Ligand code: PMP
């Protein structure tokens, strides 16, 4: 053990990163974890120690799921090329994925990352609406490109927002308990539409992650987003549902996050869980909205929609269906939520526990009346959980919310591991 409490292997890899990688990368944990293997909801480090993954929604159907490994392996042996040749894989997948969306959403395009999907979505929204103004929530994250980082206040003050970006406060139902959330949120959006128009900026659209993950995991009551989407449409904008986080059965109640709210997006963007780790993302849109862009502007994404990515994505859909993972997410998520609420009963510092399916926010406060965020406690808890080999992290504008979002294979025994570790952590650090 080194003076800083780090072993030799950790020191060596951390130093190599420092010499080799750009400084923008951030590691999790004071004692970083060196992972070498994964299966289902479990991960193993270089010494063979087993961890419980409560954070990764990319390996959503489980780390290294054999169905995906096999599909990728088989296709890779046969052919991998781009979308300028005919291939059935992309068409078969498009049929499968468009069968999960509202009937109006009937065209698919593919890229490799959520950022690219949102970047294209903003361009399409602008082409269709003739406007440029984009509304996002206060702590939203939508990607790494110039357009998407300019609409990602979560990146902090170092990242300037685009002059055409307007922010609405997040629908924080824990703190906004005196209002009708649906009415309130629709009004906030209307204010921003009016504000941008007063500044001579025409409204193009509202881009939102319907579980408001980076805003602190805010599922809200099913249906509350409906009025907001209506206001967007009445004012000539389009609604882009960023499903990078809540999509692919994550929320349990529905396959898509927006579907909990009974709304029909004009564009759906996808990423993370779509290929269970193979870089594949998508933009699914209403044909007439997409046409405004694609009739005049070509789009080619070298790796997007390639046969190997499509094979991975198809395998993911098949597994979600065959293993009943949406129902599993609903049932196990509800059970986990109930167990976490027993901790809320036990500890004053647990201000709120909320979620949809296996996507849960566990909010820590210094005092339940003021609801003042307790970031320090959240950070200490994350480190303690790591010491108990439970991997998760924090979310929200104050970093005081544990984001619990395990692979969908999460089981009852895993709930015991997680809740037991949290209980011990809170007994030591909490109130
Ligand atoms: N949208 C949301 C809601 C996200 O959480 C992320 C990634 N954290 C992205 C978009 C960007 O996806 P990617 O990192 O694949 O570009």
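FYI, it's all coordinate maths here, none of it is from the lab. Values in this document were obtained by computation on a predicted structure and should not be read as measured data. Note that we place each Cβ from the backbone using ideal geometry, even for glycine, and neighbour counts take in every protein chain shown.
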ask   = If you project the alpha carbons of the stretch 276-363 onto the principal axes, what extent comes out on each, in Å, largest first?
value = 59, 30, 22
inquiry  = At q = 0.19, 0.23, 0.34 Å⁻¹, what log₁₀ I(q)/I(0) does the stretch 209-252 have when each alpha carbon counts as one equal point scatterer in the Debye sum?
reply    = -0.65, -0.88, -1.20
inquiry  = Given the C-alpha atoms of the stretch 151-237, compute the convex hull and give its volume per residue in Å³.
reply    = 96
request  = Report, please, the projected area of the chain averaged over directions, based on the convex hull of its C-alpha atoms, in nm².
outcome  = 21.3
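Show me the ranking of peptides 111-119, 77-85 by mean Cβ neighbours inside 10 Å, starting with the highest.
Details: 111-119: 25.1, 77-85: 11.6.
Sorting 111-119, 77-85 by mean packing, highest first, produces 111-119, 77-85.
Between residue 335 and residue 92, 0.36 nm times their residue separation minus their Cα-Cα distance comes to what?
83.9 nm
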message = Order 183-190, 319-326 from most to least packed using the mean count of other Cβ atoms within 10 Å.
response = 183-190, 319-326
request  = Provide, in order from the shortest bin, the percent of all Cα-Cα pairs of the stretch 329-369 in each 10 Å bin, continuing until the bin that contains the maximum pair distance.
outcome  = 34, 49, 16, 1
request  = Go from 0 up to the bin containing the longest alpha carbon distance in the stretch 310-421, width 5 Å each, and give me the % of pairs per bin.
outcome  = 2, 12, 20, 22, 17, 11, 7, 5, 2, 1, 0
request  = Note down the Stokes-Einstein diffusion coefficient of the stretch 200-331 in µm²/s, whole number, using a Kirkwood radius over alpha carbon pairs, 4 °C, and 1.567 mPa s.
outcome  = 81
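Would you please put 165-175, 260-270, 201-211 in order of how densely packed they are, using the mean number of other Cβ atoms within 10 angstrom per residue and starting with the highest? Mind showing how you got there, number by number?
Working: 165-175: 19.8, 260-270: 24.3, 201-211: 25.9.
Result, highest mean first: 201-211, 260-270, 165-175.
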task = In whole Å, largest first, what are the principal axis extents of the Cα atoms in the stretch 66-322?
result = 56, 39, 38
key: Residues of the stretch 136-158 with amide N under 17 Å of a point placed 7 Å along Cα→Cβ from residue 371   = 138-139
query = How much length is gained if the chain between residue 383 and residue 167 is pulled fully straight, taking 0.36 nm per residue apart and subtracting their Cα-Cα distance, in nm to one decimal?
reply = 74.5 nm
key: Ratio of the Cα radius of gyration of the stretch 1-57 to 2.2 N^0.38 Å, where N counts its residues   = 1.24
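Roughly what % of DSSP beta bridges within the chain run antiparallel, to the nearest 5?
Working: 32 of 49 bridges.
Percent antiparallel among DSSP bridges in the chain is about 65.
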task = Could you work out, for the stretch 366-428, what percent of all Cα-Cα pairs fall into each 5 Å distance bin, beginning at 0 Å and stopping at the bin that holds the largest distance?
result = 4, 17, 25, 25, 16, 9, 3, 0
key: DSSP-defined antiparallel bridges as percent of all bridges, the stretch 66-322, nearest 5   = 40
